[in-house]
Structures are given as C-alpha cells and as structure tokens.
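Nothing in this text is a laboratory measurement; each read-out follows from the coordinates by a stated rule. Everything numeric in this text was worked out from a predicted model, so none of it was measured. With ideal geometry, Cβ positions are generated from the backbone for all residues, glycine too; neighbour counts draw on all protein chains shown.
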Amino acid sequence: MASVSLRKLEKSYGALRIVKGIDLDIKDGEFVVFVGPSGCGKSTTLRMVAGLESISDGEILIGDRVVNKLAPRERDIAMVFQDYALYPHKTVRENMGFSLKVRGVAVKDAETRINEAAEMLGIAHLLDRRPGQLSGGQRQRVAMGRAIVRRPQVFLFDEPLSNLDAKLRGQVRTEIKRLHQQIGTTIIYVTHDQVEAMTLADRIVILRGGDIEQVGTPDEVYNKPQSVFVGGFVGSPAMNFAKAKIEAGHVCFANGDRLPLSAIQTGKETAFDGRDVIVGIRPEHFVTAADPAITLTATVQVVEPLGSDTLVHFDMGGETLTARMPPDMRPTVGATLRLGLDPSKVHLFDAASERAIG
Amino acid sequence: MTTSTLTKTDRTDRQPPAWTKMLDLSDRALAVLLLAPAAILLSLIIVYPVMRLIYTSFFSLSLTSGLPAEFVGIENYQLMIEDPVFWETTWNTVLITLITVPGALFVGLGLALLANIPFRRQWPVRLSLLIPWALPLSFAGLIFAWFFHSEYGVVNDVLSRFGIEGVIWFNSPNLAFAAICLTIVWKTSSFMALIILAGLQTIPRSLYEAADVDGAGRIRQFFEITLPLLKPAIVVALIFRTITALQTFDIPYMMTGGGPGTSTATLAMYIHQNTVSFLDLGYGSALAVVMFALSMCVTAVYLRIIRTKE
C-alpha cells in the first residue's frame with residue numbers, strides 16, 4: 001500500500017490543456033473517486049498515474065517515489081480497464097497469472113495467489129474458461145482478479161462498471177467496496193456516475209474542465225457543495241437552481257417569494273445586500289410539514305410516481321423545480337402549492353462566480 | 001341505395017387471393033429458392049468447368065493431330081508419372097511455394113508492423129504498401145527482369161559498386177530461381193502486409209496497455225498478444241498466398257520463360273505449354289487436374305488448422 005500525490009499535474013496536447021495543474025494527496029489505503037462529466041480530464045489523470053500517458057508538467061509520487069519517468073510496469077500499480085482488456089486467447093487462469101509469470105513469480109506461489117483471488121471473487125469455477133465464454137459481470141471480476149493477484153501498491157479503476165447493465169452494476173459496485181474493505185489497498189477510481197462515486201468513495205474528487213472543482217467526503221460534497229457545478233452534479237435528481245436577489249436581509253425570487261436570509265445563513269447576512277444569487281435546493285429537501293418554516297409558491301407541471309416516492313415538477317416564476325414527495329402524494333397538474341423548505345438545507349451561490357456563499 | 005357495414009364475419013371469412021398461396025413457401029422451399037441463383041452461378045462457372053476438365057483428362061485430344069477425341073482412361077495420368085518435365089515443374093512449383101510463402105509472410109508481417117506504428121502521416125506508408133499489390137504480375141515480372149539484366153540491370157550495377165562482379169542471372173538455374181523467388185516475395189508481401197495490417201488494427205490498444213501494466217516488454221507483448229491474436233488473419237493470408245503460389249505463372253514466364261531449359265518452369269507454365277502451345281488438351285487437362293487437387297489439399301489442411309483452433 002502507498003499514498004499517491006499529484007503535484008501541479010498538467011497534461012496538454014499542443015495548445016490544448018486537458019489537465020490544468022492538479023494538486024492532490026491521496027492517503028495510504030484511501031478509496032478516492034475521480035468524478036466529472038466527459039472531457040473533464042479524469043481518465044487522463046488516471047492514465048498519467050498509471051504511466052500510460054506522459055506528463056506535460058508536474059509530479060506524481062507513489063509512496064515517496066517520483067514516478068514521472070517510470071514505465072507502468074515499474075510503478076507497482078494494477079489497473080482495471082473500462083473494456084476489461086482481458087487477453088482473449090488466454091484462459092482466466094492465464095489472464096490472472098500473466099503478470100506473475102512476467103515477473104518471474106514461482107509457479108506454485110502464483111497458483112496459490114490465483115486461487116485465493118478467484119475464491120475471493122467467486123470465479124474459481126471459471127479459471128479454465130476463456131473471456132469469450134464469460135458474461136460481462138464475470139469478465140469484470142476476472143479483470144479485478146488480475147489486478148488483485150499482483151498485490152500492487154495502488155489499484156486504478158477506469159470506469160470499470162460502464163459496460164454493465166444497471167442491476168449488475170449495483171452488484172459489482174458492492175463487491176468492489178467489499179474488496180477494498182478486505183484488502184485495504186489504495187484505490188483511485190474513475191467514473192462519470194455520481195452514484196458510484198457517492199457509494200464507493202472515502203473521498204470524492206470532482207473535476208471540471210481539467211481542474212479540481214471540489215474534494216471532500218461524499219457527505220461533504222452532498223451537503224456543502226462549493227459551487228453550482230458540484231451542487232448540480234452530485235445528487236439524483238439534480239439540485240434545483242433558481243435565480244434570486246438579496247434585499248433587506250431576504251432572498252427575493254422573481255415570483256415575489258421571499259426567504260429570510262437569517263433562516264438560511266448565519267452571521268454575515270447584511271454583507272450580501274443587493275447581490276444576485278443562485279439558490280440551490282435539493283428535490284429531497286422540500287418538506288410537507290403542516291407548518292414549515294419557510295415556503296415557496298409554485299405551480300404543478302408534471303407528476304412522476306416512482307413507487308418509492310413521487311417526483312413533482314413545478315414552475316416557479318419561470319424557473320423549473322423538482323421536488324421528491326411522499327409516494328402517496330398526487331398533486332393536481334396546474335394547481336398552485338406552497339412548498340415547504342428546510343432552511344438549513346438551502347444553498348446560496350454567488351450568481352457571477354457560481355461559488356458557494358458563506 | 002343500400003349501405004353495407006363490415007361485420008366481424010365478413011372480415012374473418014374473406015380469403016386472400018389464390019395466387020398469394022403460391023408465395024406462401026415453407027422455410028425449406030424459401031431457403032432453396034434464395035440459394036438457387038448462387039448455386040446455379042457457381043455450377044456454371046466452377047462446377048461445370050472442373051467436371052469438364054476431369055472428363056477431358058480421360059481423353060486423348062490433340063488439336064494438332066486432327067483426330068477425334070478418344071477415351072483413353074488413365075493413360076494421360078500414366079504418361080504424367082513417366083514425364084520428367086512434369087516432376088521437375090511440380091518440384092519447382094512446390095519449391096517456389098515453400099520459399100515465397102514464408103518469405104512473403106515474414107516480410108509482410110514486418111511491413112504491417114511498421115505501417116501500424118502510430119505516426120502522423122500514415123497514408124504514404126500504406127499507399128506504398130498497396131503499390132506492389134496493385135501492379136499486374138506480368139508487369140512486376142518485366143520490371144524485375146530488367147533489374148536482374150546482366151548488362152543494364154540495377155542489381156548488377158549495385159553489386160559492382162561494392163566491388164562484386166556482376167553475374168548473368170538468367171543463365172544459372174539457381175540464380176534465375178533465386179531472382180524469381182525474390183520478385184515473388186516483393187510482389188506478394190504487400191498482400192500479406194495488408195491482411196495482417198487489417199488483423200493488427202482489430203487488436204484493442206487496451207490489451208497492450210494491460211500488458212504494459214502487467215510488466216510485459218515489447219518483445220513479450222509481440223509473442224504473447226500480437227502473434228496469437230493475428231493467427232486468424234495469418235491463416236487466411238496463407239491460404240490465399242499458398243493457392244496463388246501453386247498457380248505461379250506470370251513472373252517466371254516474363255523473367256525467364258521457364259529457362260534455362262525447364263529449370264524455372266512451373267506446373268502452370270507446363271499446363272499452358274501443353275494446352276496453348278502444343279494444343280494437347282487431354283494431357284493438359286490431366287496436368288490441370290493434378291494442380292487443382294494440390295490446391296484443394298492445401299486448402300483442406302489450412303481449413304483443418306482453423307477448425308482445430310476454433
């Protein structure tokens with residue numbers, strides 16, 4: 001096991017900067033997930049850590065070694081690829097044992113390691129099959145097995161679940177989490193799926209346009225998003241945003257609704273007077289209490305019953321809001337309702353910088 | 001004026017026109033119908049000529065004699081066994097196959113690996129791969145006949161610049177044979193390279209990246225990943241190349257005309273000589289049947305190899 005440090009890490013293709021000076025320290029044994037939309041530089045960063053992509057500037061340290069110029073084989077890492085990258089002409093056993101064979105590990109020792117990993121992943125009965133004879137989920141496990149037998153200092157996962165169907169993705173996700181709990185090795189995991197990031201990570205690194213937008217635990221990025229981007233990216237359905245202005249200690253919406261700033265912010269309310277803001281409210285933070293502390297007026301547009309709960313889409317002075325309501329709630333389309341809010345869950349962002357206020 | 005409404009009974013009782021029943025074929029009949037055009041075409045252009053060839057090989061049919069065709073059974077085949085030129089040309093054909101097929105494979109593999117290296121402008125390399133393949137065989141034969149010409153050939157010129165005395169390539173059976181083999185390898189390796197290049201491009205890059213992470217160097221990657229995954233493409237290329245090698249005609253015909261003597265003549269050239277020059281269709285057909293059988297045997301062996309791999 002080892003820590004991983006990225007120091008002002010850059011990647012450019014000509015004038016195009018893909019990764020723009022990332023600084024990050026990943027602790028020994030930590031499970032860190034890079035998440036962000038397509039093109040944000042998360043896979044490129046992972047590939048630079050693996051040594052599959054050259055570094056334009058900066059440093060990568062694995063443990064206390066600078067590995068910038070080391071080949072992938074010298075970095076003591078193992079990687080699980082998006083398309084699994086299993087050798088199609090080799091059996092599962094040969095796939096898992098290839099790195100051990102290349103490194104000259106004794107046959108008996110290699111066999112023990114392969115069997116242990118296969119047992120751990122429940123693929124012992126598949127060892128003599130070829131990848132073409134396996135299902136997607138089984139291939140994914142073999143790819144993980146191939147990484148495990150190496151006993152590397154760091155595991156790298158590049159969107160390993162993106163080729164699986166939703167049900168299988170959930171299962172394998174749980175297995176990856178259990179695997180980390182069992183072996184405790186440092187893991188860097190790349191995904192564009194915020195649910196994967198939230199469920200797996202000790203810490204989430206949210207990337208945007210080659211820069212780190214926010215680093216934090218799943219609770220931190222969910223409860224204290226530092227920008228509109230993070231607020232909108234983390235959580236499903238996405239956070240609602242509505243434009244407003246702060247006037248006389250109140251957040252004033254276009255439809256005339258006013259929220260007392262004192263209920264949302266503490267301390268610096270008056271400092272924001274006259275400022276344009278973006279109010280962020282998560283769909284699950286609308287409340288149906290009989291006497292909510294604060295309310296918004298909105299017109300019901302669409303009702304989506306999901307069984308476990310009901311999603312209701314509202315129009316509030318031209319802004320569309322989504323609220324997660326109890327399953328038995330079926331408001332009439334066109335009806336105007338007073339939506340209750342938990343003030344402690346309301347987020348304020350500066351309209352110009354889109355960064356969190358307070 | 002009466003009005004009619006469409007009742008449920010009307011709808012269910014209405015029968016489709018009788019002629020549509022003719023189109024209501026069983027799966028088997030439909031399969032036969034769909035395959036029939038291809039089967040008829042193949043019969044006309046392959047099965048019939050082959051059958052006719054085998055049939056003619058049992059006749060004495062020489063257009064120069066003016067005599068009618070006479071059934072002679074296996075006499076043409078007996079003549080063949082006693083014919084030293086048949087054995088010499090067959091041996092030359094087999095030798096050309098044994099030398100030029102692996103030769104073209106190795107050169108083609110090398111060229112394909114070079115053409116597969118990622119660099120900015122790949123098209124000039126790929127175009128240069130295509131040129132030898134696109135040249136007509138007889139044209140290639142003519143070019144190399146000039147290359148190896150004893151007086152004004154570029155090969156002797158290059159040799160003389162290194163202080164080596166030029167040789168009369170086409171006077172010596174061995175040198176003439178070597179020149180022909182070199183020409184065939186040059187001409188056919190581009191075909192091998194194209195097929196292998198297509199195979200190389202189907203190997204996902206991530207396999208090499210996984211091997212990099214696993215610790216395998218370039219040479220190990222070639223033997224552990226590239227070569228095993230190229231096997232299907234190589235086998236296909238070998239089948240085509242071997243069959244065309246067994247039919248070698250144009251290049252030796254243009255370069256040496258089979259000489260000196262018959263030392264560089266191939267079986268295809270001997271068939272041509274008997275049927276076109278001597279108009280001995282019976283004996284020529286028997287020779288052609290042997291060449292056909294040889295090609296079929298090689299194809300069968302390769303197909304068996306593929307099936308075993310599967």
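In debye to the nearest 20, how big a dipole does the range A:152-306 give about its Cα centre with +1 on each Lys and Arg Cβ and -1 on each Asp and Glu Cβ?
Using only the charged Cβ atoms, the result is roughly 80 debye.
Direction-averaged shadow area of the convex hull around the Cα atoms of the range A:1-53, nm²?
Average projection, Cα convex hull of the range A:1-53: 3.9 nm².
Relative to the first principal axis of the alpha-carbon coordinates of chain B, what is the inclination of helix B:123-134, with its axis defined by its Cα atoms, in degrees from 0 to 90 and to the nearest 10?
80
Taking the mean number of other Cβ atoms within 10 Å as a proxy for protection, how do you rank A:113-120, B:273-280, B:297-304, B:31-38 from highest to lowest?
Ranked from most to least packed, the peptides come out as A:113-120, B:273-280, B:297-304, B:31-38.
So which of A:LYS27/A:LYS224; A:LYS11/A:LYS69; A:LYS20/A:LYS69; A:LYS90/B:LYS187; A:LYS8/A:LYS345 end up more than 24 Å apart, counting from Cα to Cα?
Pairs exceeding the cut-off: A:LYS90/B:LYS187; A:LYS8/A:LYS345.
Of B:MET255, A:HIS89, B:GLY66, whose Cα points farthest to the positive end of the dipole of the protein assembly as shown (charges on the beta-carbon: +1 Lys, Arg; -1 Asp, Glu; origin at the Cα centre)?
Ranked along the dipole, the leading option is A:HIS89.
Taking 8 Å as the Cα distance limit and 6 or more residues as the minimum spacing, I'd like the relative contact order of chain B as a percentage. Provide the component values of the computation, followed by the final result.
On the way: 327 pairs, mean separation 84.6, N = 310.
Relative contact order, chain B: 27 percent.
Report the normalised scattering of the range B:258-310 as log10 I(q)/I(0) at q = 0.20, 0.21 Å⁻¹, calculated by the Debye formula with identical scatterers on the alpha carbons.
With no solvent term, the Cα-only Debye profile gives -0.73, -0.76.
At a 10 Å Cβ-Cβ cut-off, how would you order B:SER172, B:SER65, fewest neighbours first?
So the residues, fewest neighbours to most, are B:SER65, B:SER172.
How high is the relative contact order of chain A? Use alpha-carbon pairs under 8 Å, at least six apart in sequence, and give a whole percent.
16
Return one number: the angle in degrees, 0 to 90 and rounded to the nearest 10, between the long axis of the Cα atoms of helix B:137-147 and the longest principal axis of the Cα atoms of chain B.
20
Which value at 222 nm does the protein assembly as shown reach when only helices count, each DSSP H run of 4 or more adding -39,500 (n - 2.57), with the total divided by all residues and rounded to the nearest 500 deg cm²/dmol?
On the way: 25 runs with 301 residues, N = 668.
The helix-only estimate for the protein assembly as shown comes to -14000 deg cm²/dmol at 222 nm.
Using just the C-alpha positions of the protein assembly as shown as equal point scatterers, what log10 of I(q)/I(0) does the Debye formula give at each q in 0.10 1/Å?
-1.05
Hey, how many Å between the Cα centroid of the range A:311-337 and the Cα centroid of the range A:134-164?
For the range A:311-337 versus the range A:134-164, the Cα centre distance is 42 Å.
Rounded to two decimals, what is the ratio between the C-alpha radius of gyration of the range A:240-350 and 2.2 N^0.38 Å?
My calculation over the Cα atoms of the range A:240-350 gives 1.07.
In degrees between 0 and 90, to the nearest 10, how far off the longest principal axis of chain B does helix B:27-42 point, with axes built from Cα atoms?
With rounding to tens, the tilt is 30 degrees.
Distance from a point 7 Å along Cα→Cβ of B:LEU279 to each backbone N in the range B:24-66: keep the residues under 11 Å and list them by number.
Label zone hits: B:62-66.
So for chain A, what percent of the C-alpha to C-alpha distances run longer than 39 Å?
Roughly 30 percent, once rounded to a whole number.
Which residue, A:VAL277, A:VAL228, A:VAL287, tops the fluctuation ranking in a GNM of chain A built on C-alpha contacts under 10 Å?
Ranking A:VAL277, A:VAL228, A:VAL287 by mean-square fluctuation puts A:VAL287 first.
Could you work out which residue, out of B:MET51, B:MET192, B:MET255, moves most in a Gaussian network model of chain B, that is, has the largest mean-square fluctuation with Cα springs under 10 Å?
Of the options given, B:MET51 has the highest mean-square fluctuation.
Using a Gaussian network model of chain A with C-alpha springs under 10 Å, which one of A:LYS20, A:LYS11, A:LYS101 is most mobile by mean-square fluctuation?
A:LYS101
Within a 10 angstrom radius of each residue's Cβ in A:51-64, how many Cβ atoms of other chains show up on average? Whole number is fine.
Partner-chain Cβ atoms within 10 Å, mean over residues of A:51-64: 1.
In 10 Å bins starting at 0, how do the alpha-carbon pair distances of the range B:84-266 split up by percent?
9, 31, 29, 19, 9, 2, 0
Please check which bits of the range A:146-182 a label hung off A:LYS27 would reach, taking the label as a point 7 Å along Cα-to-C-beta and the cut-off as backbone N under 20 Å.
Under cut-off, by backbone N: A:153-156, A:177-182.
Could you give the C-alpha radius of gyration of the range A:121-272 expressed as a fraction of 2.2 N^0.38 Å, taking N as the number of residues it contains?
The value comes to 1.46.
In µm²/s, what is D for chain B at 10 °C and 1.306 mPa s, where D = kT/(6 pi eta Rh) by Stokes-Einstein and Rh is the Kirkwood radius from Cα pairs?
This corresponds to a translational diffusion coefficient of 66 µm²/s.
Pairs of Cα atoms under 8 Å, at least six residues apart: use those to get the relative contact order of the range B:84-266, whole percent.
Details: 208 pairs, mean separation 70.8, N = 183.
Relative contact order comes out at 39 percent.
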